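Student: What follows is a single structure, and I will ask about it in a moment.
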Amino acid sequence: MSEQAYWYVVHTYSGYENKVKANLEKILENNPHLQNYIFDIVVPMEEQIEIKDGKKKTTLKKVFPGYVLVKMIITDESWYVVRNIRGVTGFVGPGSKPVPLSDEEIRAMGVEQVETVVDYEVGDTVRVIEGPLESFIGTVEEISMDRKKVRVLVSMFGRETPVELDFTQIQKL
C-alpha cells in the first residue's frame, strides 16, 4: 500500500463524539475490508480532578468537544463512510477536502506516542546546544524516558550544578 495513513479531524455534533466513535468501530467490525483504510479512532480525553465537599473526584473530560480524530487513508469509500455516520457534520479542512494533522500537532495533542531514541547514556559527556546554558559541557546524571528529560551536571562557578533539560537540548560529544 503506497499511500500512508494520516490523522484527520472529524467535526461532530457536541455530545456525539463517543457515539460517532462507537458507530465507526461497529462499521469497521461489520466491513473488514475498511480496516485497511481506517486504523484508529480517538476522542481525546484528559483526567480532571475535582474537589467537592472535601472529596477528591477524578473525571475524564473531552479535550476537544465536538471533534473526533481518525487515523485513515482517504479514499472515496473511507471518506464517504466516515462522513455519513450519524452525528458527523464533516471533516476539518477547506470545502470537502480533509486536511491531515502534522506530526507536531499529533505529538502536542498526545494522541500518538512517538518513541524517542537517545544516543547517550548515564555518565556520557554532552554539550548543551539550546537554551540559556547553550555551549556548556556536562555529564549525564539521569535520563527520564517518560518525561523526556535528562539531568546533566554542568560546571558553573567552579562547582557541579544539576540541570534538567529536554532531550533535544543536548548533544553527545
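Laboratory data are not the source of any read-out in this text; all were calculated from the coordinates shown. A quick note: this is a predicted structure, and the numbers were derived from the prediction, not measured. Don't worry about glycine lacking a Cβ; one is built from the backbone with ideal geometry, like all the others, and counts go over all protein chains shown.
Student: Using the Cα atoms of the stretch 57-152 to build a convex hull, what is its mean projected area in square nanometres?
Tutor: So the mean shadow area of the Cα hull is 10.9 nm².
Student: How big is the convex hull of the Cα atoms of the stretch 1-74, per residue, in Å³?
Tutor: It comes to 99 Å³ per residue, whole-number rounded.
Student: A follow-up question, please. So what is the 222 nm mean residue ellipticity for the chain from helices alone, if each DSSP H run of at least 4 adds -39500 (n - 2.57) and you divide by all residues, rounding to the nearest 500 deg cm²/dmol?
Tutor: Details: 3 runs with 29 residues, N = 173.
Mean residue ellipticity, 222 nm, calculated: -5000 deg cm²/dmol.
Student: Among the lysines, select those whose C-alpha is under 28 Å from the C-alpha of residue 21, and discard any that sit fewer than 8 residues away in the same chain.
Tutor: 57, 61, 62, 71, 97
Student: Here's another thing I want to ask about it. Could you tell me how many degrees, from 0 to 90 and to the nearest 10, lie between the Cα long axis of helix 17-30 and the main elongation axis, the longest principal axis, of the Cα atoms of the chain?
Tutor: Approximately 70 degrees, to the nearest ten.
Student: OK, next. Counting GluC sites (Glu not before Pro) as exposed when in a DSSP loop with at most 11 other beta carbons within 10 Å, what is the longest stretch of the chain free of them?
Tutor: No qualifying site falls inside 4-114, the longest such stretch.
Student: With no solvent and one equal point scatterer placed on each C-alpha of the stretch 124-172, evaluate the Debye formula and give log10 I(q)/I(0) for q = 0.19 Å⁻¹, two decimals.
Tutor: Per q value, in the given order, log10 I(q)/I(0) is -0.51.
Student: Could you tell me which trypsin sites (Lys or Arg not before Pro) in the stretch 72-173 are loop residues by DSSP with no more than 14 other beta carbons within 10 angstrom of their beta carbon? All intermediate terms of the calculation are to be shown ahead of the outcome.
Tutor: Details: sites: 83, 86, 107, 127, 147, 148, 149, 151, 159, 172; in loops: 86, 147, 148.
Hits after loop and neighbour filter: 86, 147, 148.
Student: Hey, another quick one. What's the whole-number percent of alpha carbon pairs in the chain lying beyond 19 angstrom?
Tutor: Taking all Cα-Cα pairs of the chain, the fraction more than 19 Å apart is 67 percent.
Student: Dipole of the chain, Cα-centred, from +1 at each Lys and Arg C-beta and -1 at each Asp and Glu C-beta, to the nearest 20 debye? Walk me through the numbers before you get to the answer.
Tutor: Values: 21 positive and 27 negative charges, 181 e Å.
For this selection, approximately 880 debye.
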